[in-house]
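Asker: Below you will find the structure I want to go over with you.
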Amino acid sequence: MRSSRIASFLAASTVAALVPALAPATASAAPAAPAAANPLSQYLQQRPAWHRCDREAPATLQCATIKVPLDYSRPDGKKLDLAISKMKTSTRQERRGVLLLNPGGPGGPGVDMPQFMASELPKSVKSKYDLVGFDPRGIGQSSPVSCGLTPEQANWERPYKAETFAKDVKWARTVAKKCDTRQGDKLRHITTRNTARDMDVIRAVLGEKKISYLGYSYGTYLGAVYTQMFPKRSDRFVLDSAVDPARIWRGMIQVWAEGTEPAFTRWTEWTAQRHSTYKLGKTPEAVRKTFYDLVAQADRKPIELDGTKMTGDDIRISSRASFFSVRDAAEAVVELKRAAAGRPTTGGRESRTLEPQSPSFARAVPEDNGDAGFWTVLCADTRNWPRDPEQYRADAIRDKAKYPLYGDFASNIKPCAFWKKTGSEPATTIDNKVGALILQNEWDSQTPLTSGQGLHRVMKGSKMVTVAGGVGHGIYGSKSCADKTATAYLTTGKLPVKDLTCQATPEARERSAANPLPLPTPRGIRG
């Protein structure tokens with residue numbers, strides 16, 4: 001998911017608008033302080049120096065950099081750069097405002113999202129909104145964080161094994177220490193709450209009384225936090241492929257394990273019905289045995305597939321998400337079975353995971369920025385990460401038995417166990433009646449259906465569209481049956497009277513097409 005940008009200068013009436021955000025969310029209706037007394041006036045009165053992002057980018061895509069405080073309780077202290085972008089797409093007669101975009105993460109940059117979404121959104125939506133994007137604080141061009149992580153240190157999906165647990169604990173401690181050494185006190189302020197405050201600075205700088213919003217994956221949680229902190233400034237919010245606020249953040253990694261098991265069961269049933277095609281087993285139990293026999297064989301001796309030697313753990317981790325796309329998974333396991341038998345594979349299998357590309361106009365950012373930003377938010381957002389390594393050990397053992405495919409990966413130790421600079425504030429409790437539309441595929445590997453239902457429960461003013469049989473992460477803009485409802489909401493402001501369920505096409509039930517949406521790749525909740 002990416003973002004866009006649009007600008008204007010701040011009218012005097014909006015100068016004081018951000019002050020309530022420094023207090024608890026319930027204070028957002030408090031009387032505004034006089035502009036002169038507002039410590040944030042220097043940020044709200046900025047006039048961005050808009051310029052063409054790059055010679056290769058369209059002239060309509062404009063970029064700028066504004067300043068935001070590192071610590072909103074100390075606005076006269078250190079400042080961060082915030083990269084924003086805009087693309088004017090609305091018509092003078094129909095314009096409602098701006099549509100702020102977020103691609104997810106944590107760790108996903110968004111300044112290039114307006115350019116991409118301009119070709120994906122329907123004309124009726126673009127007639128209403130100018131598209132606005134931004135790189136969240138600490139990400140991309142917005143004062144990027146770096147921990148100096150090596151590729152091996154960035155690899156966090158580690159299976160639990162008694163003989164390697166001490167090594168995993170050392171890895172988690174090392175990552176936390178390197179981040180603290182590189183970034184220090186800055187880490188405490190790279191949080192979702194502060195990014196939501198940054199969004200409100202963007203709103204004010206653009207001269208808008210309210211903002212509308214389209215956020216994917218982690219962007220749904222960011223949007224939900226904004227509605228909690230700034231309910232009066234939240235206009236039309238579409239939250240696509242949703243995070244459950246009750247499960248941030250360890251629980252959102254663990255939900256991958258929980259969601260994968262029913263997807264795997266569905267795959268075994270589907271594949272058994274097509275034994276004449278795939279020859280993986282005539283019953284679901286036989287298909288399951290075929291897969292786990294391959295895992296056991298690879299544990300004894302790695303299986304070489306397309307030039308890569310794969311252990312049983314490699315097979316479990318690489319196939320986890322593919323089981324949501326039953327046809328993709330069946331074809332992949334057939335290839336694995338051929339390789340295990342020493343027979344030649346077809347090779348050249350199409351990868352359906354899109355690597356997000358940095359925009360050509362971006363300045364260089366640290367190579368580990370995505371991973372550093374991911375851990376910075378996950379560890380600073382909430383204080384509920386266990387501190388005792390033995391808790392992770394016990395949970396990993398329990399969850400490997402309960403969720404064989406991914407349970408130990410999800411519950412094994414993470415750097416947050418040793419994070420020194422926990423967030424400057426507690427996590428946000430989402431409990432509001434702000435109107436919003438939640439879109440959710442039934443078979444989403446990154447934010448499973450139960451996750452979207454969790455967000456819907458606490459956003460009591462929301463309505464939810466479930467795509468029955470829908471596969472993949474990210475819906476709006478991918479030609480889904482939910483698109484029509486989302487477009488109607490953005491253009492008219494009318495939510496459905498009740499929650500809706502629409503049916504995915506037969507093809508979409510079996511295979512997730514290469515998603516046209518620029519969702520960040522799965523190093524974490526990033527999709």
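The values are calculated or read from the model by the stated rules, or taken from the named source; none is laboratory data. On a predicted model such as this, the values are computed, not experimentally measured, just so you know. For neighbour counting, all protein chains shown are included, and Cβ atoms are generated from backbone atoms with ideal geometry for every residue, glycine included.
Asker: Mind listing just one residue for me: the one in segment 172-231 that is part of a loop (DSSP other than H, G, I, E, B) and at positive phi and, of those, nearest to the chain's Cα centre (by Cα)?
Answerer: Per the stated criteria, the residue is 217.
Asker: Pick from 333, 295: which is touching a Lys or Arg at 6+ places or on another chain (Cβ under 7 Å) and modelled with pLDDT of 95 or more?
Answerer: Within the list 333, 295, the selection yields 295.
Asker: Hey, among the residues in segment 65-106 that are hydroxyl-bearing (Ser, Thr, Tyr) and touching a Phe, Trp or Tyr at 6+ places or on another chain (Cβ under 8 Å), which one's nearest to residue 423 (Cα to Cα)?
Answerer: The selected residue is 85.
Asker: For residue 195, are the conditions met, namely being at pLDDT 95 or above, more than 22 Å from residue 128 (Cα to Cα), outside the structural domain of residue 40 (by TED's automatic domain parsing) and of a type in the set (Ser, Thr, Tyr)?
Answerer: So residue 195 fails the test.
Asker: Could I ask something else about it? Tell me which of these residue 510 doesn't satisfy, since it passes every other one: (1) in contact with a helix residue (DSSP H, G or I) (Cβ under 6 Å, 6 or more places away or on another chain); (2) modelled with pLDDT under 95; (3) under 25 Å from residue 410 (Cα atoms).
Answerer: So the condition that residue 510 fails would be (3).
Asker: If we keep just the residues of segment 232-241 that are outside any helix (DSSP H, G or I) and not β-branched (Val, Ile, Thr), which is farthest from residue 461 (Cα to Cα)?
Answerer: If we take residues in segment 232-241 being outside any helix (DSSP H, G or I) and not β-branched (Val, Ile, Thr), then 241 is farthest from residue 461 (Cα to Cα).
Asker: Could you say whether any residue in segment 469-487 is β-branched (Val, Ile, Thr), more than 30 Å from residue 73 (Cα to Cα) and surrounded by fewer than 19 Cβ atoms within 10 Å (Cβ to Cβ)?
Answerer: Within segment 469-487, one or more residues are β-branched (Val, Ile, Thr), more than 30 Å from residue 73 (Cα to Cα) and surrounded by fewer than 19 Cβ atoms within 10 Å (Cβ to Cβ).
Asker: Something else: Which members of segment 410-427 meet the condition of being closer than 23 Å to residue 177 by Cβ and buried (at least 20 other Cβ atoms within 10 Å of the Cβ)?
Answerer: 411, 412, 413, 414, 415, 416, 418, 419, 423
Asker: Follow-up question, since we're still on this one. Among the residues that make up segment 142-149, is at least one of them crowded, with 21+ Cβ neighbours inside 10 Å, within 22 Å of residue 183 (Cβ to Cβ) and among the hydroxyl-bearing types (Ser, Thr, Tyr)?
Answerer: Yes: one or more hits.
Asker: Same structure again: Does residue 457 count as more than 21 Å from the chain's Cα centre (by Cα), part of a helix (DSSP H, G or I) and without any contact (Cβ under 8 Å) to a residue 24 or more places away in the chain?
Answerer: Answer is no for this residue.
Asker: Continuing with this model, one more query. Report yes if some residue within segment 275-298 is under 32 Å from the mean Cα position of the chain (by Cα), buried (at least 21 other Cβ atoms within 10 Å of the Cβ) and among the hydroxyl-bearing types (Ser, Thr, Tyr); otherwise report no.
Answerer: Looking for residues that are under 32 Å from the mean Cα position of the chain (by Cα), buried (at least 21 other Cβ atoms within 10 Å of the Cβ) and among the hydroxyl-bearing types (Ser, Thr, Tyr), one finds none in segment 275-298, hence no.
Asker: If I filter segment 111-125 for residues that are hydrophobic (A, V, I, L, M, F, W, C), in a loop (DSSP other than H, G, I, E, B) and not assigned by TED's automatic domain parsing to the domain that holds residue 215, do I get at least one hit?
Answerer: Taking every residue of segment 111-125 in turn, none turns out to be hydrophobic (A, V, I, L, M, F, W, C), in a loop (DSSP other than H, G, I, E, B) and not assigned by TED's automatic domain parsing to the domain that holds residue 215.
Asker: Can you go through 75, 34 and tell me which one is more than 25 Å from the chain's Cα centre (by Cα), more than 30 Å from residue 477 (Cβ to Cβ), modelled with pLDDT of 50 or more and not hydrophobic (A, V, I, L, M, F, W, C)?
Answerer: That would be 75, the only listed residue that is more than 25 Å from the chain's Cα centre (by Cα), more than 30 Å from residue 477 (Cβ to Cβ), modelled with pLDDT of 50 or more and not hydrophobic (A, V, I, L, M, F, W, C).
Asker: When you look at residue 414, is it within 22 Å of the chain's Cα centre (by Cα) and either at pLDDT below 95 or closer than 15 Å to residue 240 by Cβ (or both), yes or no?
Answerer: Considered against the rule, which asks whether it is within 22 Å of the chain's Cα centre (by Cα) and either at pLDDT below 95 or closer than 15 Å to residue 240 by Cβ (or both), residue 414 comes out as no.
Asker: I'd like to verify a number: residues in segment 290-339 that are under 22 Å from residue 409 (Cβ atoms) and in a helix (DSSP H, G or I), how many?
Answerer: Number satisfying all stated conditions: 29.
Asker: Just need a number here: residues in segment 375-394 that are more than 19 Å from the chain's Cα centre (by Cα) and crowded, with 21+ Cβ neighbours inside 10 Å.
Answerer: Final tally of qualifying residues: 1.
Asker: Go through segment 212-267 and report how many residues are among the polar types (S, T, N, Q) and within 20 Å of residue 98 (Cβ to Cβ).
Answerer: Number of matching residues: 4.
Rundown of residues vs (1) within 22 Å of residue 226 (Cβ to Cβ); (2) surrounded by 21 or more Cβ atoms within 10 Å (Cβ to Cβ), yes/no style:
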| residue | (1), (2) |
| --- | --- |
| 66 | yes, yes |
| 82 | yes, yes |
| 90 | yes, no |
| 98 | yes, yes |
| 109 | yes, yes |
| 112 | yes, yes |
| 117 | yes, yes |
| 122 | no, no |
| 130 | yes, yes |
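Asker: If the requirement is being surrounded by fewer than 19 Cβ atoms within 10 Å (Cβ to Cβ), in contact (Cβ under 8 Å) with a residue 60 or more places away in the chain and not charged (D, E, K, R), which of these qualifies: 430, 438, 397?
Answerer: From the options 430, 438, 397, the qualifying one is 397.
Asker: Kindly evaluate residue 172 against the criterion of being surrounded by fewer than 17 Cβ atoms within 10 Å (Cβ to Cβ) and aliphatic (A, V, I, L, M).
Answerer: The answer is no for residue 172.
Asker: Could you give every pair whose Cβ atoms fall below 6 Å, whose first residue belongs to segment 69-80 and is within 13 Å of residue 41 (Cα to Cα), and whose second residue is among the hydrophobic types (A, V, I, L, M, F, W, C) and part of a loop (DSSP other than H, G, I, E, B), counting only separations of at least 6 or pairs across chains?
Answerer: Filtered contacts from segment 69-80: 75/40.
Asker: May I ask you to say which residue of 495, 449 is within 17 Å of residue 255 (Cβ to Cβ) and either out of contact with any Phe, Trp or Tyr (no Cβ under 6 Å at 6 or more places or on another chain) or surrounded by fewer than 22 Cβ atoms within 10 Å (Cβ to Cβ) (or both)?
Answerer: Matching residue, one of 495, 449: 449.
Asker: Taking residue 178 as the residue in question, decide whether it is without any contact (Cβ under 8 Å) to a residue 60 or more places away in the chain, touching a Leu at 6+ places or on another chain (Cβ under 7 Å) and of a type outside the set (Ser, Thr, Tyr).
Answerer: It is true that residue 178 is without any contact (Cβ under 8 Å) to a residue 60 or more places away in the chain, touching a Leu at 6+ places or on another chain (Cβ under 7 Å) and of a type outside the set (Ser, Thr, Tyr).
Asker: Then there is this: Being of a type in the set (Gly, Ala, Ser), assigned by TED's automatic domain parsing to the domain that holds residue 476 and surrounded by 24 or more Cβ atoms within 10 Å (Cβ to Cβ), is that true of even one residue in segment 238-257?
Answerer: Yes, segment 238-257 contains at least one residue that is of a type in the set (Gly, Ala, Ser), assigned by TED's automatic domain parsing to the domain that holds residue 476 and surrounded by 24 or more Cβ atoms within 10 Å (Cβ to Cβ).
Asker: Something else now. Would you check if residue 318 is modelled with pLDDT under 95, surrounded by fewer than 18 Cβ atoms within 10 Å (Cβ to Cβ) and within 30 Å of residue 440 (Cβ to Cβ)?
Answerer: So residue 318 fits the description; yes.
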